[in-house]
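**Student:** Sharing a structure with you now.
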Amino acid sequence: MPRRSRRQGLICKNCGSRFSSQKEVRITKTWHVVSPFPDRDGNITISIFAIWICPVCGSRNRGKLSSIKSDAELKSKSYTQRLEEIIYESREITVEEIARKLGIQKNTVLKALRYLIKEGIIRAKLEGEKVIAL
Ligand SMILES: [Zn+2]
């Protein structure tokens, strides 16, 4: 495991080059991972991950670019609301389908769902990998 990098820095795992800004590297893919656990204020941390190419040695790296805390509850709400809408509209849906619709990872959806169901925010039940609206 590489040492924990500075918040803004990117380090090539192959040659060890350090880049202070993501503009210095070529990003080929990005995705978001949403923390399933909102804080006291209902905010959720959204981490942005990327695959990027080191301009020095050309190797492919994968790592976290940054995290955003949804301060105005806006993002966490919209994710939760979208999750709710998807479940209530479909009545019955697999976790995988939800993940695809939201563009976030299946494990993240599963964790978020367990939390939201336990807290009574979403009225549904999990049966294996299936979500059934109640
Ligand atoms: Zn490199």
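**Student:** Give segment 102-134 a look and list any residue that's of a type in the set (D, E) and more than 17 Å from Y79 (Cβ to Cβ), or say none.
**Tutor:** Those that are of a type in the set (D, E) and more than 17 Å from Y79 (Cβ to Cβ): E127, E129.
**Student:** Kindly list the number of the only condition in (1) of a type in the set (G, A, S); (2) farther than 14 Å from V34 by Cα; (3) surrounded by 15 or more Cβ atoms within 10 Å (Cβ to Cβ) that fails for A112.
**Tutor:** For A112, the failing item is (2).
**Student:** Let me ask something else about it. Please report, ordered by residue number, the helices (runs of 4 or more DSSP H) entirely within segment 29-134 with at least 1 residues that are modelled with pLDDT of 90 or more and within 30 Å of R18 (Cα to Cα).
**Tutor:** In segment 29-134, there are no helices (runs of 4 or more DSSP H) which contain 1 or more residues that are modelled with pLDDT of 90 or more and within 30 Å of R18 (Cα to Cα).
The values are calculated or read from the model by the stated rules, or taken from the named source; none is laboratory data. Keep in mind that what you see is a predicted model, and the values were worked out from it rather than measured. For neighbour counting, all protein chains shown are included, and Cβ atoms are generated from backbone atoms with ideal geometry for every residue, glycine included.
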